[in-house]
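For reference, the structure discussed in these notes is given below.
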Amino acid sequence: MDQRKRIAIYGGTFDPVHVGHLEIGRRISELFAIDQFLFVPARQAPHKQDREVSAGFHRYAMLALATQDDPQLVVSTFELDAPDRRYTVDTVEHFQRELNGSTELFFIMGADSWSEITTWREWERLLTMTNHIVVTRPGFELTKDHVGPHGERVFFTDVVMNDVSATNIRRLASEGRTDQLDDLLPCPVLEYIKKYGI
């Protein structure tokens with residue numbers, strides 16, 4: 001029986017981290033027996049270059065506040081600390097090297113990312129490097145057709161169907177309608193957004 005530690009990597013801008021992100025962390029950890037669930041906020045996601053992203057410091061602080069009461073959920077600053085742009089394939093390679101075979105890695109992505117995977121840098125190599133868990137969202141039809149023979153390490157799950165939109169959260173915050181964010185954000189994150197006017 002495989003006794004290696006299981007670590008999940010969940011990348012994204014997390015601008016801001018919301019209850020949907022946290023539910024993914026907790027439910028995936030439960031379903032796949034994950035020992036440690038790493039949130040890896042991106043400095044700037046390569047496919048989101050056209051959008052203004054909140055400062056890395058704020059996004060990290062909000063993640064730290066959101067995960068502070070759950071020791072299984074951990075925040076990594078690997079991509080935030082990198083002076084150059086990081087691609088997913090680089091991040092996975094880094095964690096593979098750092099963990100040196102003592103760990104079974106799982107890379108988490110949403111249905112929208114999965115549908116665009118063939119546009120990612122070295123996507124075919126990425127699919128061979130680790131396990132992938134694709135979290136489905138309402139309204140997304142998912143298939144493995146576009147990945148050919150690399151699909152055997154890809155798992156689809158609808159364990160979380162909480163379709164919270166960070167775009168909608170940013171719009172409400174920018175319009176000063178923070179009273180409508182109570183159910184969408186962890187309480188300390190909402191307080192942080194109010195305090196710093198994010």
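For the stretch 156-198, the tally of residues that are under 20 Å from the mean Cα position of the chain (by Cα), more than 14 Å from Ser54 (Cα to Cα) and open to solvent by less than 60 Å² (accessible area, probe 1.4 Å) stands at 11. Of all residue pairs spaced 6 or more apart or on separate chains, those with beta-carbon atoms under 7 Å, a first member in the stretch 156-167 that is in contact (Cβ under 8 Å) with a residue 40 or more places away in the chain and farther than 14 Å from Ile108 by Cβ and a second member that is outside any loop (DSSP other than H, G, I, E, B) and open to solvent by 50 Å² or more (accessible area, probe 1.4 Å) are Asn162/Glu23. On the stretch given as the stretch 129-168, residues that are in contact with an Asp or Glu (Cβ under 9 Å, 6 or more places away or on another chain), within 22 Å of Arg26 (Cα to Cα), aliphatic (A, V, I, L, M) and modelled with pLDDT of 90 or more total 2. Selection of the stretch 176-198 for residues being assigned to a loop (DSSP other than H, G, I, E, B) and closer than 28 Å to Ser113 by Cα yields Leu181, Asp182, Asp183, Leu184, Leu185, Pro186, Ile198.
Condition check ((1) out of contact with any His (no Cβ under 8 Å at 6 or more places or on another chain); (2) β-branched (Val, Ile, Thr)) across all residues:
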position: Arg4; (1), (2): yes, no
position: Val19; (1), (2): yes, yes
position: Phe37; (1), (2): yes, no
position: Phe78; (1), (2): no, no
position: Val92; (1), (2): yes, yes
position: Leu105; (1), (2): yes, no
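The values are calculated or read from the model by the stated rules, or taken from the named source; none is laboratory data. Keep in mind the model is a prediction, meaning the values are calculated, not measured. Note that each Cβ is placed from the backbone with ideal geometry, even for glycine, and that neighbours are counted across all protein chains shown. Just so you know, the surface numbers come from the protein's heavy atoms only, side chains and all, with ligands and any DNA or RNA stripped out. Shrake-Rupley method; radii C 1.70, N 1.55, O 1.52, S 1.80 Å.
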